[in-house]
Structures are given as C-alpha cells and as structure tokens.
1. Taking His547 as meeting all but one of (1) more than 26 Å from the chain's Cα centre (by Cα); (2) assigned to a helix (DSSP H, G or I); (3) within 16 Å of the ligand (Cβ to nearest atom), write down the number of the exception.
2. Anything in the stretch 63-84 that is surrounded by 14 or more Cβ atoms within 10 Å (Cβ to Cβ), under 32 Å from the mean Cα position of the chain (by Cα) and modelled with pLDDT under 75? List them, or say none.
3. Inside the stretch 486-498, can you point out the residues that are within 16 Å of the ligand (Cβ to nearest atom) and outside any strand (DSSP E or B)?
4. Would it be correct to say that Thr283 is surrounded by 14 or more Cβ atoms within 10 Å (Cβ to Cβ), of a type in the set (S, T, N, Q) and more than 30 Å from Ala381 (Cβ to Cβ)?
5. From Val672, Val643, Val629, which residue is more than 16 Å from the ligand (Cβ to nearest atom) and among the β-branched types (Val, Ile, Thr)?
6. Scan the stretch 377-399 and tell me whether some residue there is under 19 Å from Ala349 (Cβ atoms), among the polar types (S, T, N, Q) and in a helix (DSSP H, G or I).
7. Here's a check for you: in the stretch 611-661, which residue that is small (Gly, Ala, Ser) and assigned to a loop (DSSP other than H, G, I, E, B) is nearest to Ile593 (Cα to Cα)?
8. So which residues in the stretch 205-220 are part of a loop (DSSP other than H, G, I, E, B), small (Gly, Ala, Ser) and either buried (at least 24 other Cβ atoms within 10 Å of the Cβ) or within 8 Å of the ligand (Cβ to nearest atom) (or both)?
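The values are calculated or read from the model by the stated rules, or taken from the named source; none is laboratory data. From a predicted model like this one, the values you see are computed outputs, not experimental measurements. Cβ sites come from the backbone with ideal geometry, for glycine too, and all protein chains shown count toward neighbours.
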Amino acid sequence: MSTHVDDPLSRERSHLAASRSALRAMREDVEALDISDVSANWVNAEVLAQQIEKRIKALADLSDTPLFFGRLDYLHAPGAEQAEGAEGERPQPEAAYQTLHIGRRHVHDADGDPMVIDWRAPVSQPFYRASKKDPMGVALRRRFGYTGGDLTAYEDEHLSDPAEAAKTSRLLQREIERPRVGPMRDIVATIQPEQDEIVRSGLSGTVCVQGGPGTGKTAVGLHRVAFLLYAHRERLARTGTLVIGPNRSFLHYIEQVLPALGELTVQQATVEDLVAHVEIKGTDDATAAVVKGDARMARVLRKALYSHVTMPSEPVVVVRGSRRWRVAAYELEDIVRQLLDRDIRYGAAREALPQRVAHAVLVQMERSGEAPDDRVQDAVARGGAVKAAVKAVWPPVDPAKLVLRLLSDAEFLAEHAEGILDEEEQKAVLWAKPARSVKSAQWSAADAVLVDEATDLIQRTHSLGHVVLDEAQDLSPMQYRAVGRRCTTGSATVLGDLAQGTTPWATRDWQEALAHLGKRDAVIEELTAGFRVPTDVITYASRLLPHIAPGLTPVVSIRENPGHFEVRNVTGTADVVDACRESLRREGSTGLIAADARVPELARALAEAGIAYLGPGEETTQETRLTLVPASLAKGLEYDYVVLDEPQAVVDGEPDERTGLRRLYVALTRAVSGLVVTYTAPLPPQLA
Ligand SMILES: Nc1ncnc2c1ncn2[C@@H]1O[C@H](COP(=O)(O)OP(=O)(O)OP(=O)(O)O)[C@@H](O)[C@H]1O
C-alpha cells in the first residue's frame with residue numbers, strides 16, 4: 001500500500017516532530033515576553049507574571065503524553081461555524097482544515113496555521129462521534145498508537161467508503177485494557193460516542209448520569225468540565241467550577257486528570273468541606289441522620305429562623321432637633337410584612353429594614369414642609385431609635401446558634417417542627433446532651449449541613465458556574481440542597497449509581513434527587529458499557545443487582561481480555577496474603593479490599609509477611625503496588641487486581657443487609673484485570 005519514501009508512519013512521525021518544535025516555539029515566545037514596559041505597577045506585574053507562568057506550564061510538552069492521538073481527513077473543508085475560531089480562538093484559513101491532527105491542546109506553526117487541534121474544538125467532534133452510518137463529512141479517521149513517547153502504529157477507518165467493513169479498533173481496545181498504576185488518567189483518546197454526548201452537552205443544562213460500576217461516570221464528569229472550560233473559558237473563569245467527590249482519597253485519586261488536560265483552576269472538595277461551618281466531633285445514629293438529612297428539616301429551620309421576627313407593638317419615635325417624628329406600630333408592621341413577603345434572605349431584609357423605617361420618617365418630614373435629602377434618611381436609619389426598633393423586631397441570628405437551639409431545646413424544636421416532624425422524629429434529632437455553646441457542641445456531619453442551610457436562609461450562598469457532583473447517590477436531600485445552592489445560577493453534572501448507594505438516606509430516584517438539587521429540568525442519561533470490570537467479574541457482581549437495585553440495567557463489559565476470576569475457600573489470613581503475593585507477580589496495581597473491621601488484622605499479616613502496602617488514595621508506584629482498602633473507602637477507586645477478603649464480613653459491616661450487599665457490590669467491581677474472592681465463612685446466599 002505504501003513505499004518507504006511515502007510511508008505514512010514516517011510522515012506522521014515527522015508531523016509529530018514538527019508539532020513538537022512548534023510547541024517549543026510557542027513556549028519560547030511566551031518565555032521571551034518582556035513585561036517590564038507594559039505593567040505600570042507592581043500588582044499588575046505580579047498578576048501578569050503569574051498568568052505567563054501558567055501559560056508556560058500549559059504549553060509544556062510532556063514526554064509520556066502524546067501530542068496528538070488522532071487524525072481526521074475531511075472530505076471538504078469544514079464550515080466556518082465549526083472552525084476552532086468559532087469558539088473564540090483566532091479563525092484559521094479554511095484550506096488548513098482538510099487534514100487535522102487531534103490532540104490534548106492546540107499547537108500552531110509560525111504562521112499561525114494549526115498543527116494540532118484541541119480535542120474539544122467543534123472540528124474534533126467527528127473523531128469521537130463519526131460512524132459509517134454518519135461519517136459527518138469525514139473520509140478518514142486515523143488513531144495513533146504510542147510506545148513510550150514514540151509513535152509506533154496507526155489504524156485507519158475510511159468512514160465514507162461503503163466497501164470497508166466496520167471493525168473494532170485494536171488501538172482503542174489496547175488503551176482500554178492498559179494496566180493501571182498511579183492516579184486516574186484522562187481518556188481523551190478514547191471517549192466513546194455516548195460519553196462524548198454528555199461531555200459536550202451545553203453549559204446551560206444540568207445532566208444526570210446513572211451508570212453502573214466502571215461505565216466512565218467520573219471520567220465523563222471530569223472531561224465535561226474540561227470541555228466547558230474550553231467552550232466558555234471567560235465566563236467560567238469569573239464564576240468558577242467545582243468537582244465534588246465522596247472523600248479525600250477519592251479526590252486525591254482523580255486530582256491529576258484535569259491538570260493533565262491543561263485545566264488548573266478547578267476546585268475539588270467533599271460535601272463536608274463545603275459545609276464546614278462547625279467542627280465535627282460527633283456522630284448520629286442512622287435514625288437521627290435520616291431525619292436530619294430529610295428535606296423537611298429545611299422547613300423546620302425556616303420556621304425557627306423567622307420566629308425571631310416579631311410584629312412591633314410600639315411606635316418608633318425619632319427626635320431631630322426640636323422635632324419628634326413617630327412611625328406608628330401599624331405602619332412598622334406594614335413594612336415588616338412587605339419584607340416578609342419578598343423573596344429575600346433574612347439578613348438582607350434585616351439590612352433593608354432601617355432604611356424603610358427612615359423612609360417613613362422622611363415622608364412625614366416632607367409632608368410637614370421640610371426638604372430632607374438622602375443624607376437625612378441615612379442619619380435616621382443609623383440613629384439609635386431605629387436601630388433599637390430593628391433589633392427588637394428583626395434581631396440578628398447566628399445560624400449555628402439557631403441549629404444548636406433546635407437540637408438542644410425540645411420545646412423550641414416542637415414549636416417549629418409541629419406538623420412537619422412527628423414526635424418520634426423530633427426525639428431522634430434532639431441531642432442526648434443539650435449543648436451549651438457552638439464551640440463545645442458535638443456537631444455531627446448532618447448537623448453541619450443544617451447549619452449550612454440556616455446560613456443560606458440568612459445570607460445567600462455564593463453560586464458557581466458549574467458543579468460536578470460524583471457518587472451523588474450517597475447524598476441526603478439536605479446535602480443535595482447544600483450542593484444545589486452552590487450552583488443556583490450555574491449548572492451541574494450529577495453522576496451516580498443507585499446500586500452503589502450505601503448511606504441510610506441513599507437516593508432511590510434521580511428525579512427526586514434532582515428536585516432537591518433544584519434542577520428539575522436536568523436530562524437523565526444512562527451509561528451501561530463497562531470499561532473497568534471484566535465480563536466474568538461483572539456478571540458475578542450483577543447477581544446482587546436484583547437484591548440491591550431491582551430494575552437497573554446490568555453493565556456489559558467491553559473489555560475483551562476475560563481477566564482472571566476466582567472464588568477461593570481459604571483457611572486464614574495467611575492465604576489472603578498469598579493471594580496478594582500472586583497478584584503482585586503480575587503487572588499493575590493490587591487492592592486488598594476488606595471489611596473495615598478486618599483491616600487491622602490484615603495489616604498485621606501483611607507487615608509480618610514483609611509486604612509493603614499503601615492506604616487508599618495514596619499513589620501506587622512501581623515499588624509499592626499494593627493498597628489495603630477498607631470496604632467503606634473503596635468507592636470510585638480501581639486496581640488492576642483485587643483480592644476481596646471475606647464477603648460476608650463486608651455485608652455484616654453495615655447496619656442492614658441491603659446496604660451490606662451494596663457495599664459488597666462496590667467492592668466486587670473495583671478490579672480491572674482480575675479478582676480473587678477469598679472466604680472462610682459461607683458466602684452471602686445472594687451470590688450463589
Ligand atoms: N472511553 C474510555 N476509554 C478508556 N477508558 C475508559 C473510558 N471510559 C472509562 N474508562 C476507564 O474506565 C475506568 C472506570 O471509569 P470511571 O472510574 O470513570 O467509572 P465510574 O462509572 O465512575 O465507576 P464507579 O461507579 O465504579 O465509580 C477508568 O479507568 C476509566 O479511565
């Protein structure tokens with residue numbers, strides 16, 4: 001098909017070399033910028049220097065990440081509306097678009113002509129979506145294979161050639177099957193069409209993705225942020241973006257993905273981080289936590305807060321010079337009622353009240369022939385009489401103190417929970433020991449969310465441009481509200497799996513959850529193709545589905561490598577350690593997952609055997625590839641090989657059987673290449 005002079009691979013290699021030099025030139029251009037003339041003052045210079053520093057970082061040529069991974073040959077130059085310039089970067093001459101190399105970032109030559117197109121540009125989209133059925137104007141799609149940093153292979157699909165049969169890509173398959181070591185990686189080279197649809201959905205809409213284990217929810221959420229930052233860079237730079245994950249180890253596992261895609265500005269947090277108004281020292285039993293997490297608590301809090309507003313019984317008397325002005329009690333009441341009717345926060349209304357009262361005084365002054373101006377109104381508003389009246393009618397409220405009183409004072413709670421919580425529920429939320437002060441109270445995680453709700457009732461919470469919420473199924477309605485108020489003016493990507501919900505308040509229905517989030521209009525998508533778990537393993541784990549989430553579609557693994565799967569009856573921890581040793585003989589990472597209560601014993605056994613291991617979220621390296629994972633922290637993580645210790649103990653570690661089986665489902669679905677289940681006690685019958 002090709003002579004060596006015209007060898008496509010050599011031509012691609014020279015394009016790679018040329019692109020690398022072009023990127024180097026782009027970097028050198030930035031490094032050579034002299035800002036001493038343009039920045040008039042020190043602060044500007046500092047800001048500019050930081051921006052340049054960032055830009056230089058973003059232009060780095062990482063030896064282990066290929067500069068491009070694909071190529072598109074368009075039949076005709078794509079239309080101007082598709083051109084990269086349409087999204088804000090400078091327009092390119094049309095002729096340059098016949099052949100495009102697709103990569104992680106945009107690279108152009110000295111004339112400004114593109115050498116590599118950003119994967120997020122509209123012209124790159126057919127790389128992910130075009131098919132024989134709908135070639136999207138593309139004649140050829142080429143995928144590149146790399147070994148180390150070297151371009152060593154390519155694979156072509158002639159999408160517009162009816163004679164060529166559709167086939168699965170070997171390179172795609174190889175990428176999907178690649179062993180996992182280190183933190184989570186990006187998937188830009190292999191995003192699948194149904195994933196791409198979610199990644200590229202618009203900024204204005206909220207998307208909710210239901211997907212079984214390993215269907216790429218996390219990957220899709222992170223790539224969506226990267227896409228939105230590209231398509232709406234300025235807007236999101238102003239409003240901010242946030243990724244919410246279930247715990248620190250999970251955040252640590254995913255934290256490299258966005259920087260690897262050149263996005264350094266995205267915040268990452270847990271829900272606990274967002275609502276950290278008080279120090280968490282206590283825990284709730286399940287019953288209390290369920291009631292505290294119930295959306296009805298928002299109504300209780302609102303009632304309790306507004307009970308502080310009392311209708312005035314006395315007039316306000318303002319003395320100015322020799323004259324006295326009276327605002328009658330009924331007039332004050334009118335003002336208060338107007339403020340109560342308006343949809344503004346408690347604190348904002350409280351701030352508006354003095355001016356309203358002062359205005360009433362001003363009206364009287366005008367009526368009696370005076371001509372007061374704004375300064376007089378301000379002075380009256382700030383005066384002692386008005387201040388005292390406002391304090392009596394609409395006193396300041398501290399959100400933590402409000403919640404403290406509700407949880408400590410049975411009478412106060414009963415007064416405001418009447419008709420909302422029944423007696424049992426009220427009893428459940430009351431602290432066993434009433435707290436004296438905000439500092440000494442034994443706040444629980446659910447209490448902190450209540451304080452956050454109260455804080456928002458008093459003062460509007462800052463809203464971001466986009467929020468990605470991962471492992472959403474574990475949030476309580478009150479937690480959904482807490483996340484929702486952080487994107488009231490923006491949109492969200494909600495990712496989760498109803499079958500993996502392991503909290504007593506876990507989401508049963510996405511529609512309901514989205515209502516709590518304040519995003520009823522969200523589109524719900526389902527992903528069912530599994531990229532992580534091999535067929536035999538996911539089939540085994542799916543036996544649990546009818547017991548933990550009836551009605552959900554089981555995941556179908558798209559991995560061709562059948563992997564290794566074994567259920568092994570053992571006699572003790574020594575055998576578990578042996579199973580780890582076996583896994584460690586293979587390439588990649590190994591996770592030993594066990595019921596939390598069994599972790600200390602296994603830790604000792606590993607130490608005695610001289611096997612080094614890490615904790616969850618710690619980065620695996622070529623030297624230490626084993627992680628000991630308590631089942632409660634396994635969610636969202638993955639390992640090439642998993643040894644799952646004692647399934648029944650994992651189930652027993654949870655307060656009820658369904659939650660236990662869900663925890664087991666999570667643990668069973670962490671393996672990429674192989675799973676060995678070791679047991680001494682009988683296996684849970686649902687696995688039979
Ligand atoms: N299109 C893809 N190409 C290659 N790898 C992919 C693709 N989609 C997902 N993966 C890989 O599959 C694995 C699972 O993805 P991810 O963790 O995003 O799934 P998840 O749905 O969030 O899983 P879980 O519900 O278990 O948390 C990851 O290693 C991810 O990189």
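1. (3)
2. Gln82, Ala83, Glu84
3. Asp497, Leu498 - these are the residues of the stretch 486-498 that are within 16 Å of the ligand (Cβ to nearest atom) and outside any strand (DSSP E or B).
4. When the stated conditions are applied, Thr283 does not pass them.
5. On the way: Val672 fails: more than 16 Å from the ligand (Cβ to nearest atom); Val629 fails: more than 16 Å from the ligand (Cβ to nearest atom).
Just a single option satisfies the conditions, and that option is Val643.
6. As a first pass, look at the stretch 377-399 and keep what is under 19 Å from Ala349 (Cβ atoms): 377-378, 380-382, 386-399.
Imposing the further condition that a residue be among the polar types (S, T, N, Q) reduces the set to 377.
Pick out the ones that are also in a helix (DSSP H, G or I) and you get 377.
Taking every residue of the stretch 377-399 in turn, at least one turns out to be under 19 Å from Ala349 (Cβ atoms), among the polar types (S, T, N, Q) and in a helix (DSSP H, G or I).
7. Within the stretch 611-661, the subset small (Gly, Ala, Ser) is 612, 615, 617, 631-632, 634, 636, 649, 653, 660.
If we keep only those that are assigned to a loop (DSSP other than H, G, I, E, B) too, we end up with 612, 615, 617, 634, 636, 653.
On the way: Ala612: 15, Gly615: 11, Gly617: 13, Ala634: 7, Gly636: 13, Gly653: 13 Å.
Looking at residues that are small (Gly, Ala, Ser) and assigned to a loop (DSSP other than H, G, I, E, B), I get Ala634.
8. To start, the set of residues in the stretch 205-220 that are part of a loop (DSSP other than H, G, I, E, B) comprises 205-206, 212-216.
Narrowing further to those that are small (Gly, Ala, Ser): 205, 212, 214, 216.
Across the stretch 205-220, the qualifying residues are Gly212, Gly214, Gly216.
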